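Have a look at the structure below, then the notes.
The values are calculated or read from the model by the stated rules, or taken from the named source; none is laboratory data. Since the structure is predicted, the reported quantities are computational estimates derived from the model, not experimental observations. Here the Cβ is made from the backbone with ideal geometry for all residues, glycine too, and neighbour counts use every protein chain on show. SASA here: full protein model, heavy atoms, side chains in, ligands and nucleic acids out. Shrake-Rupley method; radii C 1.70, N 1.55, O 1.52, S 1.80 Å.
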Amino acid sequence: MATKTAAPAPKQQRTRAERTRRLLIHLGLIGFGLIMLYPLLWMLSSSFKPTAEIFREPGLIPWSFTPENYTEGWNALQHPFHRYLLNSAIVVGGAIVGNLIGCSMAAYAFARLEFRGKRLFFAIMLATIMLPIHVVIVPQYILFAQLDWINTFYPLIVPKLLATDAFFIFLMVQFIRGLPRDLDEAARIDGCGHVRIFCQIILPLSMPALATTAIFTFIWTWNDFFSQLIFLTSPDMYTVPVALRTFVDSSSQTSWGPLFAMSVVALGPVFGFFLAGQRYLVKGIATTGIK
């Protein structure tokens with residue numbers, strides 16, 4: 001006598017459906033990630049190809065392995081490429097210090113102090129986020145030209161000390177608002193003023209927000225091309241993005257192999273800085289705005 005197979009329980013069916021759904025989601029994410037990584041992998045592969053092979057063989061495998069692109073690209077311009085890396089490091093370092101000092105002080109004022117017109121000034125500050133750089137670049141250039149700051153690093157560093165990045169001010173304001181005011185009051189009972197409260201209580205507790213500001217400032221400043229192209233006119237002062245642009249020659253053949261090789265070199269500090277501060281970045285973004 002034949003026996004009937006018992007039908008799977010509804011719970012088992014739901015488990016299988018859940019596993020299938022998760023598998024499809026993960027496969028989709030992996031495929032999307034590969035699509036996002038393909039340009040980076042193609043650039044890395046092209047940095048080891050001869051210039052003539054880069055566009056003739058668009059695959060990821062370099063059939064003619066050419067590591068000489070790195071040595072040629074390093075010395076292809078007027079100065080060795082480490083000169084432009086050093087210039088970018090100076091600009092990025094100054095921008096990070098400026099944003100950490102200026103934006104944190106402005107954020108403390110908006111989050112903890114009470115003064116007339118506070119909400120109005122905060123709204124105006126937020127409105128400046130919507131201003132594209134092309135609107136303010138001409139007045140900035142005229143001002144910096146009158147100060148004789150053109151072809152120096154001052155236009156790229158000094159404005160950061162004046163808390164000109166409204167995004168980071170807003171980020172820190174939201175974080176500081178989430179800190180208990182009881183800490184301020186306890187410190188004020190002990191005789192602390194605003195300076196000591198800011199330096200000894202608010203700043204140490206705001207490390208995730210400060211790290212997030214530092215990481216984003218590093219990435220945005222390191223990759224900034226437009227401002228650095230406007231204010232830096234001498235090859236001695238070129239930063240990495242401007243130096244990479246000089247590889248592209250409209251009147252003769254462009255050295256694509258050395259260009260991609262130096263582009264890979266330029267990405268190294270960005271990846272390193274991001275990986276070093278990734279833990280603080282995730283924590284800063286996750287906790288910003290939570291009260």
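If you take the residues in the range 246-275 that are loosely packed, with under 13 Cβ neighbours inside 10 Å and part of a helix (DSSP H, G or I), which one is modelled with the lowest pLDDT? Residue satisfying both the conditions and the ranking: 275. Quick check on the range 111-130. Is at least one of its residues among the polar types (S, T, N, Q), surrounded by fewer than 18 Cβ atoms within 10 Å (Cβ to Cβ), assigned to a helix (DSSP H, G or I) and under 26 Å from the mean Cα position of the chain (by Cα)? Yes, the range 111-130 contains a residue that is among the polar types (S, T, N, Q), surrounded by fewer than 18 Cβ atoms within 10 Å (Cβ to Cβ), assigned to a helix (DSSP H, G or I) and under 26 Å from the mean Cα position of the chain (by Cα).
Just one of the listed residues (281, 205) is open to solvent by 10 Å² or more (accessible area, probe 1.4 Å) and touching a residue at least 60 places away in the same chain (Cβ under 8 Å), and it is 281. Residue 78 meets the conditions (1) in a helix (DSSP H, G or I); (2) open to solvent by 30 Å² or more (accessible area, probe 1.4 Å); (3) more than 29 Å from residue 210 (Cβ to Cβ) in every case but one. The failed one is (1). Considering the range 29-72 alone, what residues qualify as being open to solvent by 100 Å² or more (accessible area, probe 1.4 Å), within 22 Å of residue 271 (Cβ to Cβ) and of a type in the set (Phe, Trp, Tyr)? 32, 38 - these are the residues of the range 29-72 that are open to solvent by 100 Å² or more (accessible area, probe 1.4 Å), within 22 Å of residue 271 (Cβ to Cβ) and of a type in the set (Phe, Trp, Tyr). Residue 280 meets all of the listed conditions (1) at pLDDT 85 or above; (2) farther than 26 Å from residue 67 by Cβ; (3) part of a helix (DSSP H, G or I) but one, namely (1). The numbered conditions (1) in contact with a Phe, Trp or Tyr (Cβ under 7 Å, 6 or more places away or on another chain); (2) within 22 Å of residue 221 (Cα to Cα) are all true for residue 137 except (1).
Restricting the range 213-240 to residues that are free of Cβ contacts under 8 Å to residues at least 24 places away in the same chain and part of a helix (DSSP H, G or I) leaves a set whose member that is nearest to residue 80 (Cα to Cα) is 229. For the range 21-28, does any single residue satisfy the condition of being outside any helix (DSSP H, G or I) and either open to solvent by 50 Å² or more (accessible area, probe 1.4 Å) or aliphatic (A, V, I, L, M) (or both)? No, the range 21-28 has no match at all. Could you say whether any residue in the range 240-249 is out of contact with any strand residue (DSSP E or B) (no Cβ under 8 Å at 6 or more places or on another chain) and within 25 Å of residue 276 (Cα to Cα)? Yes; the residues of the range 240-249 include at least one that is out of contact with any strand residue (DSSP E or B) (no Cβ under 8 Å at 6 or more places or on another chain) and within 25 Å of residue 276 (Cα to Cα).
Set side by side, the residues 171, 156, 210, 143 differ, and just one is open to solvent by 50 Å² or more (accessible area, probe 1.4 Å) and in a helix (DSSP H, G or I), which is 143. On the given criteria, is residue 177 open to solvent by 60 Å² or more (accessible area, probe 1.4 Å), of a type in the set (D, E, K, R) and touching a residue at least 60 places away in the same chain (Cβ under 8 Å)? Yes, satisfied.
Candidates 163, 187: the one that is small (Gly, Ala, Ser), outside any helix (DSSP H, G or I) and in contact with a helix residue (DSSP H, G or I) (Cβ under 9 Å, 6 or more places away or on another chain) is 163.
Specify the residue that is farthest from residue 260 (Cα to Cα); the eligible residues are those in the range 31-62 that are in a helix (DSSP H, G or I) and small (Gly, Ala, Ser). This residue is 31.
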